[in-house]
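One structure is given here, and the rest of the page talks about it.
The values are calculated or read from the model by the stated rules, or taken from the named source; none is laboratory data. Quick caveat, the model's predicted, so the values are computed rather than measured. When we count neighbours, we look across all protein chains shown, and the Cβ atoms used for this are built from the backbone with ideal geometry, even at glycine.
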Amino acid sequence: MTPDIPVETYKTGKLPTWCPGCGDFGIWMSLKNALSKLGIGSDDALLIYGIGCHGNMYDWMRVYGLSGLHGRGVAIAQGAKMANHKLPVICISGDGDCLGEGGNHFIHAAKRNPDITVIIYDNQLYSLTTGQASPTANTGFKTKSTPLGVIDTPINPLTLAITTGATFVSRGFSGDTPGLTQLFIDAIKHKGFSLVDTIQPCVTYDKIHTYQWFRQRITALENDYTPDNRMKAMEKALLWGDKIYTGVFYKEEKPTSEDGETALTDTPLVEQPLGVPDMDTLLSEFI
Ligand code: SF4
């Protein structure tokens with residue numbers, strides 16, 4: 001890896017088709033800046049994409065990529081890491097993709113602590129399908145699928161990650177690209193399961209939670225805040241009103257799932273024989 005790779009390296013020649021002003025642009029720019037500063041070139045990492053507006057980034061990001069089934073990105077990312085422990089693996093997902101269809105994968109990955117980074121493009125909506133409420137949608141939020149307002153309580157990605165064992169839990173804002181770039185750098189460098197829940201305004205289907213709405217509320221965690229206490233982190237993460245905090249809420253060093261595997265065996269699990277009988281033997285029981 002070489003330090004400070006030119007950001008032009010990540011160009012594919014295709015231009016984004018996101019709506020003008022979409023928060024996805026800020027995330028795209030911040031991720032390119034972070035990879036550049038980390039010296040991670042196009043051949044040095046794997047990006048896994050889910051289904052949603054975020055997933056279209058596959059076409060304009062020249063880094064090895066794989067576009068997965070809806071919600072399965074975190075599962076695929078774990079498989080990739082299992083196959084190559086040295087490869088930086090970043091899962092790009094949406095709030096619906098990651099916490100709706102993929103919710104089960106998310107909590108079990110956080111529990112296992114593989115050395116992967118999950119970036120959630122969080123706009124409280126399924127925007128690619130024209131704006132239905134997602135699992136993070138605020139109570140009372142009126143959308144196409146909730147014309148009278150959401151009646152249930154939203155999932156908080158940060159508290160979910162903290163309680164299920166994630167070792168790096170953060171929130172960023174796509175309207176703050178320097179801050180988001182730094183969060184991405186710290187998350188990718190962290191050894192273990194890292195989450196960057198990224199507030200990403202959908203300018204087309206949400207006329208309430210706009211950039212201005214967020215700018216009035218977003219507050220960086222205080223300088224003297226230390227991200228070493230789960231209870232304190234939960235308290236800060238749950239605030240969603242006049243103040244919405246950004247920064248690193250919780251961080252912990254503990255063995256990754258790759259460390260656990262290496263401690264048990266010298267032969268990587270993906271190289272070990274499965275030990276199952278051949279298909280004819282299996283089928284003979286039923287014929
Ligand atoms: Fe972005 Fe919303 Fe347009 Fe999708 S629909 S590209 S999330 S502004």
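Please go through region 114-130 and give me each residue that is near the ligand (Cβ under 10 Å from one of its atoms) and within 11 Å of residue 96 (Cβ to Cβ), ordered by number.
At the first step, the residues of region 114-130 found to be near the ligand (Cβ under 10 Å from one of its atoms) are 121, 123, 125-130.
Result: 121, 123, 125, 126, 127, 128, 129.
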Within region 206-223, identify whether any single residue is buried (at least 19 other Cβ atoms within 10 Å of the Cβ), in contact (Cβ under 8 Å) with a residue 60 or more places away in the chain and either away from the ligand (no atom under 16 Å from the Cβ) or farther than 30 Å from residue 75 by Cβ (or both), and answer yes or no.
-> no
Condition broken by residue 70, with the remaining ones in (1) within 16 Å of the ligand (Cβ to nearest atom); (2) farther than 29 Å from residue 7 by Cβ; (3) in contact with a Ser or Thr (Cβ under 6 Å, 6 or more places away or on another chain) satisfied | (3)
Out of (1) touching a Phe, Trp or Tyr at 6+ places or on another chain (Cβ under 8 Å); (2) part of a helix (DSSP H, G or I), the odd one out for residue 77 is which?
-> (1)
Among 40, 48, which is assigned to a loop (DSSP other than H, G, I, E, B), at pLDDT 95 or above and either surrounded by fewer than 20 Cβ atoms within 10 Å (Cβ to Cβ) or out of contact with any Phe, Trp or Tyr (no Cβ under 6 Å at 6 or more places or on another chain) (or both)?
-> 40
Specify the residue that is nearest to residue 166 (Cα to Cα); the eligible residues are those in region 224-251 that are surrounded by 12 or more Cβ atoms within 10 Å (Cβ to Cβ) and among the small types (Gly, Ala, Ser).
-> 233
Scan 148, 158 and give me the residue that is modelled with pLDDT of 95 or more and over 14 Å from the mean Cα position of the chain (by Cα).
-> 148
Working carefully through the options 179, 275, 260, find the one that is of a type outside the set (S, T, N, Q) and within 19 Å of the chain's Cα centre (by Cα).
-> 179
Determine whether residue 24 is under 22 Å from residue 165 (Cβ atoms), within 16 Å of the ligand (Cβ to nearest atom) and in contact (Cβ under 8 Å) with a residue 60 or more places away in the chain.
-> no
Evaluation of residue 191 against (1) surrounded by 16 or more Cβ atoms within 10 Å (Cβ to Cβ); (2) within 13 Å of residue 251 (Cα to Cα); (3) in contact (Cβ under 8 Å) with a residue 60 or more places away in the chain; (4) not hydrophobic (A, V, I, L, M, F, W, C) (one fails), failing number = (1)
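Have a look at 166, 137 and point out the one that is among the aliphatic types (A, V, I, L, M), in contact with a Lys or Arg (Cβ under 9 Å, 6 or more places away or on another chain) and part of a loop (DSSP other than H, G, I, E, B).
Details: 137 fails: in contact with a Lys or Arg (Cβ under 9 Å, 6 or more places away or on another chain).
Every option except 166 fails the conditions.
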Looking at region 245-262, is at least one residue of a type in the set (A, V, I, L, M), closer than 17 Å to residue 120 by Cα and within 16 Å of the ligand (Cβ to nearest atom)?
-> no
Out of (1) more than 16 Å from the ligand (Cβ to nearest atom); (2) farther than 24 Å from residue 262 by Cβ; (3) in contact (Cβ under 8 Å) with a residue 40 or more places away in the chain, what's the single condition that is false for residue 93?
-> (1)
